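Everything on this sheet refers to the single structure shown next.
None of the figures in this text is laboratory data; all of them are computed from the coordinates on show. Small disclaimer: the values here were computed from a predicted structure and weren't measured. Virtual Cβ from ideal backbone geometry, glycine too; neighbours counted across all protein chains shown.
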Amino acid sequence: MSNIINCAFCNGKGQDPFNLLSPLSECIVCSGTGKIELLKPLKKCVFCSGTGKNPLGARIPCIVCGGKGSIHCESQTKCTQCNGTGKSGSGLPCSFCGGIGLK
Ligand SMILES: [Zn+2]
Ligand SMILES: [Zn+2]
Ligand SMILES: [Zn+2]
């Protein structure tokens, strides 16, 4: 079972949201299609709050979800290490759950 969702990194537009000099360049996350295919069940990526952007500020896709804004995760159990935030104290992804906030 898979799910087709809008690419979070480019908001489904298929263009690289940060490449201002070349507005026609393709989004590196969805290869320009604006759509992403993910297996169910889907969870919103807590590390980037579903935006697909790297919360550390770099103009690159979120390192946890790869820019998709959602992740495939079977677990329902909150990660006790980061209390479900997906972040460690330094702002990097929680090393216990890999930044998804579930374990
Ligand atoms: Zn995209
Ligand atoms: Zn993310
Ligand atoms: Zn964690």
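What Kirkwood Rh does the chain have if only Cα atoms enter the pairwise 1/r average? Answer in Å.
By the Kirkwood definition, the hydrodynamic radius is 13.8 Å.
Separation between the His72 and Ser31 pseudo-spin-labels, each 7 Å from Cα along Cα→Cβ, expressed in nm?
1.6
Using each residue's phi in segment 86-101, evaluate 6.51 cos²θ - 1.76 cosθ + 1.60 at θ = phi - 60° and report the 3J(HN,Hα) Karplus result to the nearest Hz, with x for Gly and Pro.
These are the phi-based 3J(HN,Hα) values: x, 10, 8, x, 7, x, 7, x, 4, 6, 7, 10, x, x, 8, x Hz.
Can you give the extra length, in nm with one decimal, that the chain gains between Phe18 and Ser95 once fully stretched, where that is 0.36 nm per residue apart less the Cα-Cα distance?
24.9 nm
For a quick check: with amide H placed at 1.01 Å from N, whose amide H comes under 5 Å from Glu26's, ignoring anything fewer than 5 positions away on the same chain?
Asp16
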